[in-house]
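Below: the structure, in structure tokens.
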Amino acid sequence: MPTENIPGIYLNQQEEIHELFIYDLKMNEDSTNTKVNLNRHMFSFLQTGKKQIHFADSSVLINNKQSILVKKGNCLWKEILDQETNYYCKLIFFSNAKIEAFLNKYNIKNLNHEQSDSHFIIESDDYINSYLDSLSKA
């Protein structure tokens, strides 16, 4: 099974990966377990379908009422359709530099993101849904 370099495969070959990159992932069939080398940290905001991710020490299945923040690194993932619907999620990729800028801007100290878990699940709410709608209209 080949390893997918993400987000690199979502770019044209001439494009470079920016500090912040947004991609709409749409599929009309389930994926198999994909070996992933995630080169940036990623928010995956599910709209339809489910995503299963296997990390070295854990596994998680999220649905379209949830989103997930994934730390860069290696994992296996699978996109799963919901009953004959298309799979759709909005992916936001960002670099370590963006994390450092955020922590500095809001004067957040004593947060060791190098020691944190490989993922963090977020329950969707009206605020997140409104934000995602605004990205779609931009």
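The values are calculated or read from the model by the stated rules, or taken from the named source; none is laboratory data. Computed from a predicted structure; not experimentally measured. Heads up, the Cβs are rebuilt from the backbone with ideal geometry, glycines too, and the neighbour counts pull from every protein chain shown. Heads up: the accessible areas ignore ligands, DNA and RNA and are worked out on the full protein's heavy atoms, side chains in. Shrake-Rupley method; radii C 1.70, N 1.55, O 1.52, S 1.80 Å.
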- Note on the structure: One finds, for residue 33 and residue 84 with R0 = 25 angstrom and r their Cβ-Cβ distance, a FRET efficiency to the nearest 0.05 of 0.70
- Item | Estimated distance in nm for a label pair at residue 124 and residue 18, the labels positioned 7 Å out from Cα along Cα-to-Cβ | 2.5 nm
- Query: Just in segment 1-60: which GluC sites (Glu not before Pro) are loop by DSSP and have at most 16 other Cβ atoms within 10 Å?
  - Reply: 15, 16, 19, 29
- Measure nothing fancy, just the Cα-based angle from helix 126-137's long axis to the longest principal axis of the chain, in degrees from 0 to 90, nearest 10. 80 degrees
- Task: Rank 124, 67, 44 by mean-square fluctuation in a GNM of the chain with C-alpha springs under 10 angstrom and give only the top-ranked residue.
- Result: 124
- Message: Run through segment 39-138 and list the chymotrypsin sites (Phe, Trp or Tyr not before Pro) located in a DSSP loop whose Cβ has at most 11 other Cβ atoms within 10 Å.
- Response: 106
- Per residue accessible area in Å² of the chain, where ligands, DNA and RNA are left out and the probe is 1.4 Å: 65 Å²
- Message: 7 Å from Cα along Cα→Cβ at both residue 131 and residue 59: what's the point-to-point distance in nm?
- Response: 3.0 nm
- Taking trypsin sites (Lys or Arg not before Pro) as candidate sites, keep only those in a DSSP loop with at most 14 other Cβ atoms within 10 Å, then name the longest stretch of the chain containing none of them. 1-64
- Query: Which of the GluC sites (Glu not before Pro) across segment 50-135 are loop residues per DSSP, with 12 or fewer other Cβ within 10 Å?
  - Reply: 84, 114
- Note down the accessible area of residue 54, probe 1.4 Å, to the nearest 10 Å². 60 Å²
- Item | For the chain, alpha-carbon Rg over 2.2 N^0.38 Å | 1.06
- For the chain, which whole-number percentage of the solvent-accessible area (1.4 Å probe, protein heavy atoms only) is attributable to carbon and sulfur atoms? 47 percent
- Would you mind checking the tilt of helix 96-105 against the longest principal axis of the Cα atoms of the chain, expressed as 0 to 90 degrees and rounded to 10? 50 degrees
- Task: Treating only the Cβ atoms of Lys and Arg (+1) and Asp and Glu (-1) as charged, compute the dipole magnitude of the chain about its Cα centre; round to the nearest 20 debye.
- Result: 280 debye
